[in-house]
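Only the coordinates and a few stated rules stand behind these numbers; no lab work does. Quantities reported herein were computed from a predicted structural model and do not represent experimental measurements. Cβ: placed from backbone, ideal geometry, glycine included. Neighbour counts: every protein chain shown.
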Amino acid sequence: MEPKKEAFPEPNIPQKFLKPYDPKAVEDAIYEMWLGSGYFNPDKLPPRHKEPFSIVLPPPNVTGTLHIGHAAMLVIEDIMVRHKRMKGYKTLWLPGTDHAAIATQAKVEGIIYKEEGKRRQDLGREELLRRVNEFALESHDTIVNQTKKMGASLDWSREAYTLDEKRGKAVFEAFKRMYDDGLIYRGHRIVNWDPKGQTTISDDEIVYAEEKTKFYYFKYGPFTIGTARPETKFGDKYVVMHPKDERYTAYSHGQEIDLEWINGPIKATVIKDESIDMAFGTGVMTITPWHSNVDFDIAERHKLDKEQIIDRYGKLLPIAGEFAGIKISDARKKIVEKLAAKGLLEKEEDYTHNIATAERTGGVIEPQIMNQWFVDVNKKIPARGGKSLKELMLDVIPQGPSHIEFIPDRFERVYSNWISNLRDWCISRQIWFGHRIPVWYKGEELKVSLASPGEGWTQDEDTLDTWFSSGLWTFSTLGWPETTSDLATYHPTAVLETGYDIIFFWVARMILMSQYLMGEVPFKTVYLHGLVRDAKGQKMSKSLGNIIDPLDMAGKYGTDAVRMSLIVGTGPGNDTKMSEDKIRAYKNFANKLWNIARFVLSSTEGETLEPGFKAFSADDEKLTAERRAVMEEISREMDEYKYYLVAEKLYAYAWREFADIILERSKDILAKGSDTEKKSRKQFLLHTLADILKALHPFVPFVTEEIWKDMPVPDKKPLIIETWPI
RNA sequence: GCGCGGUUAGCUCAGUUGGUAGAGCAUCUCAUUGACGUUGAGAGGGUCAUAGGUUCAAGUCCUAUACCGCGCACCA
């Protein structure tokens, strides 16, 4: 047997291929090359790129650093964008960051308190804002650098920030139009008050936590009432039961009863209301309208008095008599003791229920009636065909006039379900970081204005819910409210890719804002990805210590390996399981490609890829047809957003088919075949490698671009703007 | 309580309009000092959660049930 060395010489292939693929040595330089080429900016793409394709990046919060969930999002979107760019679209992927009002302020307040023992009041509005902005800027820089490290082909020349000046103008314009249309109003309504964060929050910012507590039964005159919250019962002077409850037919609606209560005798009024569940407890309850949604509704129906019991810090007010000034958490036990001493405690039971807590601060929500700003979701809007915001939001369901495709489609129902339960949106927040409400007061007068209307006017102290500004994101980033060519070209955007966990917060708000302000959908398709979990399927968290840092991994195994591991096995709407082993496996894949290139380049020395080359042998013809079939199949799946399948198929085709079978068999032909056979096979190898590199480029852009540099291709362009194989 | 998703090889998951069960990893055996920070050839391993039903034919469609996960709504 003759030595293989003579059969497969490695003449003048670039030295770099003689060593394993080294991501560290190439990634930064390649990203710089892409940046320098300007191809991330659609205006600078070659003329063949005509039809626009646009995506806005869901702006990461400026609360610190990128985590693996961000990395997954970047990878999916970068795949979409690189694919479309290669297919000849005028592709825009627009970056930005989100000031994330409460989240960021809470984070900075936490740091300041920990390091200096100071609270926001100690610093004052101006100083706190200075500190938060400083933190935000630092986070921003970190996040941008990390994003670049992941290979994201974002158009940095269009970068936006939800709290920059341009977005401020958009927020003001949106607020003003909604105010003028009567969609924004101010009023005393029950809101979710977070005593810890000292602000209202929206219904969506509530998370429920299971709590084991006691359920108490108290004598209330002739009745027995059940409650888990004795501390709210001071002002209770209405006793409510179902009108059809046979146990209480002796009592009539409006009847007054004298009875002994916590701090002495009171006069209670009987109310009959159908919202009472006869099967729960004794079927009788007292109500606290100031601090409960349900009680508030009952009080509204019967025009009952409402009294505040608990203040904004979670302490009891003077109405509580001897308990005034005590925190509700401490008061409960004392009140129960007192009622027991008075002989009014009948019994207590163990009880499990869900309590509402604030997502960002963990504070227990205390409903309060407060004067706040709201968006009316039910008011008819003449300028929008007499539809309400709610109805405009429902226009995007499949049967609606402006359908938005949800992937996976089951989220369509989740979305419409949410809308039908939607209540007016409280948009004012008692925090300092964010867009300040553009409303000015002077005595009884009120003006909506960005700047002070003049002497003697003071601005509303509150800021807007952060989702108010993110709701404008698809068009505020394109220059709205000005009529820019970007807006005309790229809106509506093609796809919104984001996590299913913010479908209500963000996706729905964007649809609301765009339908109302633009009269069109913000995007045609919503692609929803899942959570990235650890190898056991657990959520990643600091306390579990199972966090996988994407940047660490990229440093260790290369960005391409991280990208592949995040996309394989990640269908839309499904959670992804992540492990270091998985990343390691794809590091080997990058190296495999590297060696495939080494073999192909060395064995086709002297050949140049001839476009449209026709195979000489039947075998080559067959293999070419097979390659085309693979490319057609994956192209179709790319259009169907099945990236997880494409990644796996290309992996299999490159490794199991091309390397294991085709390359092995080619050795013989290249050694012993006739000149035409050799030439045909060499052309086939070059064409196949070229197609593999192109098709894989959206997934593993660095290693493919690096190999591409040495491909003998005439009129070669950077791979990033090469044409898609099909 | 209402709704959604999942249940397929030890693990992670594919399985397109119903037509004889697939991949990767892991395991085992063998080979390999020249494309390969290894790789290659091969093997074992599944009553597709359970019970019914529709059909010539069901992992796939229908109806229940169980378990796991998630979302929404919450009762004082």
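For region A:305-435, a Kirkwood radius taken over Cα pairs fed into Stokes-Einstein (10 °C, viscosity 1.306 mPa s) yields D = 81 µm²/s.
Bridgeable lysines around A:Lys577 (alpha carbons under 21 Å apart, same-chain partners fewer than 8 residues away excluded): A:Lys536, A:Lys539, A:Lys542, A:Lys556, A:Lys587, A:Lys642, A:Lys649.
With N set to the residue count of region A:194-332, report its C-alpha Rg divided by 2.2 N^0.38 Å to two decimal places.
Details: Rg = 15.6 Å, N = 139, 2.2 N^0.38 = 14.3 Å.
Normalised by 2.2 N^0.38 Å, the Cα Rg of region A:194-332 equals 1.09.
Peptides A:328-337, A:297-306, A:430-439 ranked from most to least packed by the mean count of surrounding Cβ atoms within 10 Å: A:430-439, A:328-337, A:297-306. Amide H contacts of A:Leu92 (H built 1.01 Å from N, in plane; Pro and chain starts excluded): A:Phe53, A:Ser54, A:Ile55 sit under 5 Å, all sequence-distant by 5 or more or on other chains. Per-peptide packing, taken as the mean over residues of other Cβ atoms within 10 Å, places A:591-602, A:502-513 in the sequence A:502-513, A:591-602 from highest down. Using the Kirkwood formula over every pair of different C-alpha atoms, what hydrodynamic radius in Å results for region A:14-53? Computed over region A:14-53, the radius equals 12.5 Å. Plainly put, region A:70-127 has a radius of gyration that is 1.33 times its Kirkwood radius, both from alpha-carbon atoms, as the Rg/Rh ratio.
The angle between the Cα long axis of helix A:580-603 and the main principal axis of chain A comes to about 20°, on a 0 to 90 degree scale.
Remark on A:Asn61: its backbone amide H falls under 5 Å from those of A:Asp98, a criterion applied only to residues 5 or more positions apart or on other chains, H modelled at 1.01 Å from N.
Using C-alpha pairs below 8 Å separated by at least 6 residues, the relative contact order for region A:343-484 is 16 percent. Phi angles across region A:185-199 convert, under the Karplus curve 6.51 cos²θ - 1.76 cosθ + 1.60 with θ = phi - 60°, into 3J(HN,Hα) values of 9, 10, x, 7, 9, 6, 10, 8, 9, 9, x, 6, x, 6, 7 Hz, Gly and Pro given as x. So how tilted is helix A:675-696 from the main axis of chain A? Cα-based, degrees 0 to 90, rounded to 10. The angle comes out at about 10 degrees.
Taking amide H atoms as placed 1.01 Å from N in the peptide plane, the amide H of A:Phe215 lies under 5 Å from those of A:Glu349, A:Asp350, A:Tyr351, each 5 or more residues away in sequence or on another chain. Annotation: lysines with alpha-carbon distance below 24 angstrom to A:Lys387 (same-chain offsets under eight excluded): A:Lys176, A:Lys379, A:Lys524.
Over all projection directions, the Cα-based convex hull of chain A averages an area of 39.3 nm². Quick one: helix A:101-116 against the long Cα principal axis of chain A, what's the angle to the nearest 10°, folded into 0 to 90? Between the helix axis and the principal axis of chain A, the angle is about 80 degrees.
Under the definition of Cα pairs under 8 Å and six or more residues apart, what whole-number percent is the relative contact order of chain A? Walk me through the numbers before you get to the answer.
On the way: 1239 pairs, mean separation 121.0, N = 726.
The value is 17 percent.
Roughly what % of DSSP beta bridges within chain A run antiparallel, to the nearest 5? The antiparallel fraction comes to roughly 70 percent. Here the scattering of region A:640-714 is modelled by Debye summation over its C-alpha atoms, one equal scatterer each and no solvent; at q = 0.12, 0.13, 0.14, 0.16 Å⁻¹ the log10 of I(q)/I(0) is -0.40, -0.46, -0.53, -0.66.
Below 8 Å, C-alpha to C-alpha, sequence gap of six or more: please give me the relative contact order for region A:319-408 in percent.
Details: 41 pairs, mean separation 8.1, N = 90.
Across region A:319-408, relative contact order equals 9 percent.
P(r) tail for region A:545-585: Cα pairs beyond 17 Å make up 26% of the total.
With the Cα gyration tensor of region A:2-129 in hand, convert its eigenvalues to equivalent ellipsoid semi-axes via √(5λ) and list them largest first in whole Å.
On the way: eigenvalues 423, 121, 30 Å².
They are 46, 25, 12 Å, listed largest first.
Each eigenvalue of the Cα gyration tensor of region A:576-684, multiplied by 5 and square-rooted, gives one semi-axis; in descending order these are 29, 18, 11 Å. Loop-located GluC sites (Glu not before Pro) across region A:612-644 with a Cβ neighbour count of 13 or fewer within 10 Å are A:Glu640, with loop assigned by DSSP. At full extension, A:Lys114 and A:Ala209 could sit 31.6 nm farther apart than now, given 0.36 nm per residue minus the alpha carbon distance.
In nm, what is the difference between 0.36 nm times the number of residues separating A:Glu444 and A:Asp501 and their Cα-Cα distance?
Values: separation 57, 0.36 × 57 = 20.52 nm, distance 4.22 nm.
Extra length from A:Glu444 to A:Asp501 when fully extended: 16.3 nm.
Given in Å, the Rg to one decimal and the Dmax to the nearest whole number for the Cα atoms of region A:387-482 are 17.9, 55.
In debye to the nearest 20, how big a dipole does region A:308-424 give about its Cα centre with +1 on each Lys and Arg Cβ and -1 on each Asp and Glu Cβ? Before the final figure, lay out each step's value.
On the way: 18 positive and 17 negative charges, 71 e Å.
So the dipole magnitude of region A:308-424 works out to roughly 340 debye.
What number, rounded to the nearest 500 deg cm²/dmol, is the helix-based mean residue ellipticity at 222 nm of chain A, given -39500 (n - 2.57) per DSSP H run of at least four residues and division by all its residues? Don't jump to the answer; show the numbers that get you there.
Numbers: 22 runs with 277 residues, N = 726.
Dividing the helical sum by the residues of chain A leaves -12000 deg cm²/dmol.
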